[in-house]
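The values are calculated or read from the model by the stated rules, or taken from the named source; none is laboratory data. The structure presented is a predicted model; accordingly, all values stated were derived computationally and were not measured. Note: ideal-geometry Cβ built from the backbone for every residue, glycine included; neighbour counts use all protein chains shown. Only protein heavy atoms, including side chains, enter the accessible area calculation; ligands, DNA and RNA are left aside. Shrake-Rupley method; radii C 1.70, N 1.55, O 1.52, S 1.80 Å.
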Amino acid sequence: YIEQFIEMMLAERGASANTAAAYQRDLDDFSNFISAKKHTVETLGRAVIEDFLSVISKNGMSPQTVARKLSAIRQFYQFLYTEKVRVDNPTATLETPRLAKP
(Lines give C-alpha, C1' and ligand atoms only; values in the text may rest on other atoms or scores of the structure.)
Protein backbone atom coordinates (compact mmCIF):
# COMPACT_ATOMS: atom_id res chain seq x y z
CA TYR A 1 0.00 0.00 0.00
CA ILE A 2 2.92 2.36 0.63
CA GLU A 3 3.98 2.16 -3.02
CA GLN A 4 0.42 2.93 -4.16
CA PHE A 5 0.28 5.87 -1.76
CA ILE A 6 3.60 7.28 -3.04
CA GLU A 7 2.41 6.87 -6.64
CA MET A 8 -0.79 8.75 -5.77
CA MET A 9 1.23 11.52 -4.11
CA LEU A 10 3.32 11.96 -7.23
CA ALA A 11 0.53 11.65 -9.79
CA GLU A 12 -2.48 13.26 -8.13
CA ARG A 13 -0.96 15.70 -5.67
CA GLY A 14 2.10 16.65 -7.69
CA ALA A 15 4.48 15.94 -4.82
CA SER A 16 8.16 16.55 -5.53
CA ALA A 17 10.63 13.68 -5.69
CA ASN A 18 12.16 14.85 -2.39
CA THR A 19 8.76 14.88 -0.67
CA ALA A 20 7.95 11.43 -2.01
CA ALA A 21 11.33 10.11 -0.84
CA ALA A 22 10.78 11.57 2.66
CA TYR A 23 7.31 10.00 2.87
CA GLN A 24 8.75 6.70 1.67
CA ARG A 25 11.42 6.72 4.41
CA ASP A 26 8.96 7.71 7.12
CA LEU A 27 6.42 5.08 6.10
CA ASP A 28 9.12 2.41 5.71
CA ASP A 29 10.24 3.12 9.29
CA PHE A 30 6.65 2.80 10.47
CA SER A 31 6.09 -0.36 8.43
CA ASN A 32 9.22 -1.98 9.89
CA PHE A 33 8.03 -1.11 13.40
CA ILE A 34 4.56 -2.57 12.96
CA SER A 35 5.89 -5.67 11.19
CA ALA A 36 8.22 -6.34 14.12
CA LYS A 37 5.19 -6.05 16.42
CA LYS A 38 3.22 -8.49 14.18
CA HIS A 39 0.63 -5.91 13.10
CA THR A 40 -0.61 -4.91 9.66
CA VAL A 41 -1.72 -1.53 8.35
CA GLU A 42 -5.17 -2.96 7.71
CA THR A 43 -5.86 -3.97 11.30
CA LEU A 44 -3.74 -1.99 13.74
CA GLY A 45 -5.30 0.45 16.16
CA ARG A 46 -4.42 3.89 17.39
CA ALA A 47 -2.39 2.49 20.33
CA VAL A 48 0.21 0.98 17.97
CA ILE A 49 0.69 4.33 16.22
CA GLU A 50 1.03 6.06 19.59
CA ASP A 51 3.59 3.41 20.61
CA PHE A 52 5.60 4.10 17.45
CA LEU A 53 5.59 7.85 18.08
CA SER A 54 6.60 7.30 21.71
CA VAL A 55 9.48 5.00 20.77
CA ILE A 56 10.94 7.33 18.16
CA SER A 57 10.58 10.28 20.52
CA LYS A 58 12.35 8.39 23.33
CA ASN A 59 15.09 7.44 20.86
CA GLY A 60 15.96 11.12 20.53
CA MET A 61 14.06 12.26 17.46
CA SER A 62 13.15 15.92 17.58
CA PRO A 63 9.51 16.96 17.96
CA GLN A 64 9.68 18.33 14.40
CA THR A 65 10.74 14.92 13.05
CA VAL A 66 8.07 13.13 15.08
CA ALA A 67 5.47 15.59 13.75
CA ARG A 68 6.66 15.02 10.16
CA LYS A 69 6.44 11.25 10.57
CA LEU A 70 2.97 11.57 12.07
CA SER A 71 1.93 13.74 9.13
CA ALA A 72 3.06 11.04 6.69
CA ILE A 73 1.23 8.35 8.68
CA ARG A 74 -1.93 10.47 8.84
CA GLN A 75 -1.96 11.05 5.10
CA PHE A 76 -1.25 7.37 4.47
CA TYR A 77 -4.18 6.29 6.64
CA GLN A 78 -6.45 8.85 5.00
CA PHE A 79 -5.45 7.27 1.69
CA LEU A 80 -6.24 3.78 3.03
CA TYR A 81 -9.61 5.02 4.28
CA THR A 82 -10.42 6.70 0.97
CA GLU A 83 -9.43 3.57 -0.94
CA LYS A 84 -11.66 1.49 1.37
CA VAL A 85 -8.75 -0.61 2.64
CA ARG A 86 -9.80 0.53 6.13
CA VAL A 87 -13.23 1.33 7.48
CA ASP A 88 -11.73 3.90 9.86
CA ASN A 89 -8.76 6.22 10.20
CA PRO A 90 -6.89 5.45 13.45
CA THR A 91 -4.93 8.70 13.15
CA ALA A 92 -7.99 10.96 13.05
CA THR A 93 -7.84 11.92 16.73
CA LEU A 94 -4.08 11.79 17.33
CA GLU A 95 -2.56 15.02 18.55
CA THR A 96 0.50 16.50 16.89
CA PRO A 97 3.53 16.81 19.20
CA ARG A 98 3.98 20.33 20.55
CA LEU A 99 6.69 22.18 18.70
CA ALA A 100 8.91 24.74 20.40
CA LYS A 101 8.38 28.29 19.22
CA PRO A 102 11.50 29.96 17.81
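Between the beta carbons of N18 and Q78, assuming R0 = 25 Å, the FRET efficiency works out to 0.75 to the nearest 0.05.
GNM remark for the chain: springs join alpha carbons under 10 Å apart, and the peak mean-square fluctuation among L44, L53, L27 falls on L44. For region 48-98, the per residue solvent-accessible surface stands at 56 Å², with DNA, RNA and ligands left out and a 1.4 Å probe.
Taking a ≥ b ≥ c as the square roots of the eigenvalues of the Cα gyration tensor, the chain is oblate, since a/c reaches 1.5 or more and a/b is not larger than b/c.
Once both labels are modelled 7 Å past Cα along the beta-carbon direction, what's the E95-F33 spacing in nm? Distance between label points: 1.8 nm.
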